[in-house]
Structures are given as structure tokens and as C-alpha cells.
Amino acid sequence: MIQKRHSGFVRFLILSTLSLLVVSCLTARDARQWLIFQKGEKGVSITGEWDSGSFFSGGWGSGHIVQNGMEIVGTLGLYTIEGVVNGDTIYMIFISGKRVYFTGQLKYMRDGTLVGTAVEKAIINTADGQDSQKYPIILTRYKRTR
């Protein structure tokens, strides 16, 4: 009888842990669906070369962004990014391989920089995002040289 209780508790513990892992996983499908809902009015144009500082100083690295209407694609450091523009707000997902590692929200500032936050393994500005690790993002457009 004690053995049955013990095995039932272990089963419950394993199932509870697995359900928490499933709930806390951010899927590419969910992240892309979130992006669709963030798309709004056309605003700023962010096509170009960007820099956020080196990895060694806490930055994300350099990036290249291409904007087509309200949708953006590109790279930032080690990540492929996908995103949307809604006025002066940019929403992004950061992908490596087939996994989404971060979602982010940035604002276009008067000085031309993009400033915001990324959260790890969750959708930003949700209950899960509030409890996730947060990372600052500051992107500065590379100056064009002649």
C-alpha cells in the first residue's frame, strides 16, 4: 500500500513538472501569432544596419534589418529576427535554429535609436513575460559613409 502511494506521488510529481515545462516553452508558432496581433499602423522605417554593442560589453552585436511595409526581417548578433512595426513601436522575435529564444519590444526614439527590452523564453508584456529574465536593447543605426 505504501508502495502504491509513493508511486502515485512520483507520477503526480513527474506529470506536474512536465506540464510546467510545456506551459513555459515558447514555440515559434505562438511567437509568430503574437507578432500578427502586434501589427498596426505604418510608422517608422528601420531598414538598415544597426549596432547594439559587442557581446563582451553586454550588447547583442550588430544587425541588418529589412522592412517591407509593417513587417521586418533580419539579423541581430547571433539571432535571426522577425518582427512588425506599429507606429513607433517595434515588436521582434529572436530565433536561432528553429527555436525562439526572446521576444522584444522597442521604441523608436527622436534621436533615431531603438530602445527597449527583450524577455527570455516568453512573450513580452504577458504574465509569463513579467516573470522572465529581461535584457535591455539599445540599437543605434550605423552612420553611412561615402
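The values are calculated or read from the model by the stated rules, or taken from the named source; none is laboratory data. All values reported here derive from a predicted model rather than from experimental measurement. Counting neighbours? That spans all protein chains shown, and the Cβs are built from the backbone with ideal geometry, glycine included. Just so you know, the surface numbers come from the protein's heavy atoms only, side chains and all, with ligands and any DNA or RNA stripped out. Shrake-Rupley method; radii C 1.70, N 1.55, O 1.52, S 1.80 Å.
The table below lists the values:
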| read-out | value |
| --- | --- |
| Candidate set: segment 80-102, residues that are over 20 Å from D51 (Cα atoms) and touching a helix residue (DSSP H, G or I) at 6+ places or on another chain (Cβ under 8 Å); chosen: the one surrounded by the most Cβ atoms within 10 Å (Cβ to Cβ) | V100 |
| Scan of segment 105-138 for residues that are of a type in the set (V, I, T), within 19 Å of G87 (Cβ to Cβ) and within 11 Å of the chain's Cα centre (by Cα), ordered by number | T117, I124, I137 |
| Among (1) buried (at least 16 other Cβ atoms within 10 Å of the Cβ); (2) among the basic types (K, R); (3) without any contact (Cβ under 8 Å) to a residue 12 or more places away in the chain - the single one K121 does not satisfy | (3) |
| Test result for G63, in contact (Cβ under 8 Å) with a residue 24 or more places away in the chain, touching a Phe, Trp or Tyr at 6+ places or on another chain (Cβ under 9 Å) and within 22 Å of L139 (Cα to Cα) | yes |
| Yes/no for G77 being modelled with pLDDT of 85 or more and either under 17 Å from the mean Cα position of the chain (by Cα) or open to solvent by less than 30 Å² (accessible area, probe 1.4 Å) (or both) | yes |
| Options I137, I65: the member that is open to solvent by less than 10 Å² (accessible area, probe 1.4 Å), within 18 Å of L26 (Cβ to Cβ) and in a strand (DSSP E or B) | I137 |
| Contacts under 9 angstrom Cβ, first residue in segment 90-105 being assigned to a loop (DSSP other than H, G, I, E, B), partner open to solvent by 10 Å² or more (accessible area, probe 1.4 Å) and modelled with pLDDT under 95, 6 or more apart | K98/A28 |
